[in-house]
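The values are calculated or read from the model by the stated rules, or taken from the named source; none is laboratory data. None of these values were measured; they are calculated from a predicted model. Note: ideal-geometry Cβ built from the backbone for every residue, glycine included; neighbour counts use all protein chains shown. When the accessible area is computed, the model is the full protein with side chains, heavy atoms only, and any ligands, DNA or RNA have been set aside. Shrake-Rupley method; radii C 1.70, N 1.55, O 1.52, S 1.80 Å.
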Amino acid sequence: MSEPGTGAAFEEPIPDIATRIRMGLSAGFATSLKIIKVSVPLYVAVTLLKGTPFLDLLGKVFAPVMGIFGLPGEAAFAFVAAFLLNLYAGIAVIVPLHLTPFQVTQCGLMMGVAHNLVVEGGVLSTTGARGGVLTLCRLVIACAAGLLLRGLWSLWETASSWAMAMPGIS
C-alpha cells in the first residue's frame with residue numbers, strides 16, 4: 001500500500017526505450033514542421049521583397065526609430081514578425097537582411113525579451129494578470145536593453161579605437 005499523497009495509485013508504467021525514442025522523434029518532427037511552416041514563407045517573402053522598392057521604402061520609414069538601436073530600418077519587419085508570431089519568424093526575416101554580428105545580437109536581445117506578445121499577453125490575461133500592462137513592460141524592457149547594448153557597443157568601439165591609436169600597437 002502506498003503512502004497518502006504520493007500518487008502511487010495513478011502512476012503509469014514507464015515506456016521502453018524504443019517507444020520513448022519514437023515518441024520523441026514524432027514530437028520533434030511535428031515541432032519542426034510548425035517552425036518550417038512559418039519560417040520558410042517569411043524568408044521567401046523577405047527575399048522577394050528585397051528586389052523591390054517596397055522594402056527600401058518601408059525601411060526608410062522605420063530607419064529613424066531603428067537607428068536609435070543601431071539597426072537598419074528593414075529590421076523593423078523582423079520585430080513585427082517576432083512580436084506578433086514568435087522568435088523563429090523573426091529569425092526568418094533577419095537572415096535575408098544580411099545584418100552585422102552586432103545587429104543580429106541586438107535583434108536577438110530585444111526579441112528575446114519581447115516576442116509572441118499577442119499570444120502570451122492573452123495567456124497572461126486569462127490568469128488574472130494585466131496582460132496589456134505586462135506586454136507594455138516587456139516592450140519597454142526590450143527597448144531599454146537595446147539602448148543599453150547600443151551604449152555598451154559604442155563604448156567598446158571607442159575604447160578599441162583608442163587602443164589601436166596608441167603608439168606601439170598595430
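With θ taken as phi - 60° and the Karplus curve 6.51 cos²θ - 1.76 cosθ + 1.60 applied, the whole-hertz 3J(HN,Hα) list for the stretch 35-48 is 5, 5, 4, 8, 5, 4, x, 5, 4, 5, 4, 5, 4, 5 Hz, x standing for glycine and proline. Computed on the stretch 1-149, with alpha-carbon pairs under 8 angstrom and 6+ residues apart, the relative contact order is 17 percent. Rounded to two decimals, the Cα-based Rg/Rh of the stretch 84-170, with Kirkwood Rh, is 1.18.
Which Cα, out of THR105, VAL44, THR158, lies furthest along the positive dipole direction of the chain (beta carbon charges, K/R +1, D/E -1)? Of the options given, the answer is VAL44.
Under a 5 Å amide H cut-off, with hydrogens placed 1.01 Å from N, ASN86 pairs with ASN116 among residues at least 5 apart or on other chains.
Shown in residue order for the stretch 59-66 are the 3J(HN,Hα) couplings computed by the Karplus curve 6.51 cos²θ - 1.76 cosθ + 1.60 at θ = phi - 60°: x, 5, 5, 8, 4, x, 6, 5 Hz (x for Gly and Pro).
Around ALA92, under 15 Å between beta carbons, what's the net of Lys plus Arg minus Asp minus Glu among the other residues? Don't skip to the end; give the middle numbers.
On the way: positive: LYS34, LYS37, LYS50; negative: GLU74.
Here the count lands on +2.
If you take Rg and Dmax of the Cα atoms in Å from the coordinates, which of [x] 19.5, 61; [y] 16.9, 51; [z] 22.7, 81 do you get? After the calculation, the listed value that fits is [z]. Here the Karplus curve 6.51 cos²θ - 1.76 cosθ + 1.60, taken at θ = phi - 60°, turns the phi angles of the stretch 92-108 into couplings of 4, 7, 5, 3, x, 7, 6, 7, 6, x, 4, 5, 5, 4, 4, 4, x Hz, with x standing for Gly and Pro. If you take the Cα centroid of the stretch 74-102 and the Cα centroid of the stretch 10-30, the two points sit 34 Å apart. Within the accessible surface of the stretch 63-170, defined with a 1.4 Å probe on protein heavy atoms only, the carbon and sulfur portion equals 76 percent.
Work out, in µm²/s and without decimals, the Stokes-Einstein translational diffusion coefficient of the stretch 1-92 at 25 °C, 0.890 mPa s, Rh from Kirkwood over C-alpha pairs. Mind dumping the intermediate values first?
Numbers: Rh = 17.0 Å.
Calculated translational D: 144 µm²/s.
Mind pulling the angle between the C-alpha long axis of helix 75-84 and the longest principal axis of the chain? Nearest 10 degrees, somewhere in 0 to 90. Computed tilt is about 20 degrees. The long axis of helix 117-126 is offset from the longest Cα principal axis of the chain by roughly 40 degrees.
Across the stretch 107-154, the relative contact order, built from alpha-carbon pairs under 8 Å that are at least six residues apart, equals 45 percent.
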